[in-house]
1. Name every residue in the stretch 47-73 that is out of contact with any Pro (no Cβ under 8 Å at 6 or more places or on another chain), among the hydrophobic types (A, V, I, L, M, F, W, C) and under 17 Å from residue 6 (Cβ atoms), in order of residue number.
2. Considering each of 80, 14 in turn, give the residue that is assigned to a helix (DSSP H, G or I) and either surrounded by 11 or more Cβ atoms within 10 Å (Cβ to Cβ) or on the phi > 0 side of the Ramachandran plot (or both).
3. Picking from 34, 69, which residue would you name as being in a helix (DSSP H, G or I) and of a type in the set (A, V, I, L, M, F, W, C)?
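Please treat every number below as a calculation from the coordinates, not as lab data. Just so you know, these numbers come straight off a predicted model, no measurement behind them. Here the Cβ positions follow ideal geometry from the backbone for every residue, glycine too, while neighbour counts run over all protein chains shown.
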Amino acid sequence: MCADLPCTQVLKELENVSRDLQMVQDQKTALSKFPSYHPKRTEYEEMLTSEFDEIMKHKKRYEAQAANFDSLHKWGQVRLVFLFFVLILLVIIRYFCFRALSSRCSGSRAI
C-alpha cells in the first residue's frame with residue numbers, strides 16, 4: 001500500500017529521470033570521442049541535446065511535485081505536534097476538573 005503512494009511514485013520517477021540524464025551524458029561523452037567530421041555526429045548531438053532538454057523538463061516537474069509533497073509532510077508534522085500538545089492539555093484539564101469535583105463531592109458528604 002505504501003509503495004502506491006504518490007510521493008513514492010514521484011521519487012521513483014525522479015530516480016528514473018536522473019538515470020536517464022546520466023545515460024544521455026554518457027552518450028554525449030562517448031560521442032565526443034568521434035572526430036568532428038563524422039557524418040552522423042552533428043545529427044546525434046542534436047538528438048541527444050533535444051532528448052536532454054526534454055528529460056530536464058520532466059525532472060523539473062517531478063522536483064516541483066517532490067517539493068510539494070515535502071512541504072505537505074512538514075506541515076503534517078507540525079500539525080501532529082500541535083494536536084499532541086492539545087491532547088496533553090485536555091488530559092491535564094480533565095485531571096484537574098475531576099480532582100476539583102471529587103474534592104467538592106467528598107467535602108459535601110462530610111457535612
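1. 64, 66, 67, 72, listed by residue number.
2. 14
3. 69
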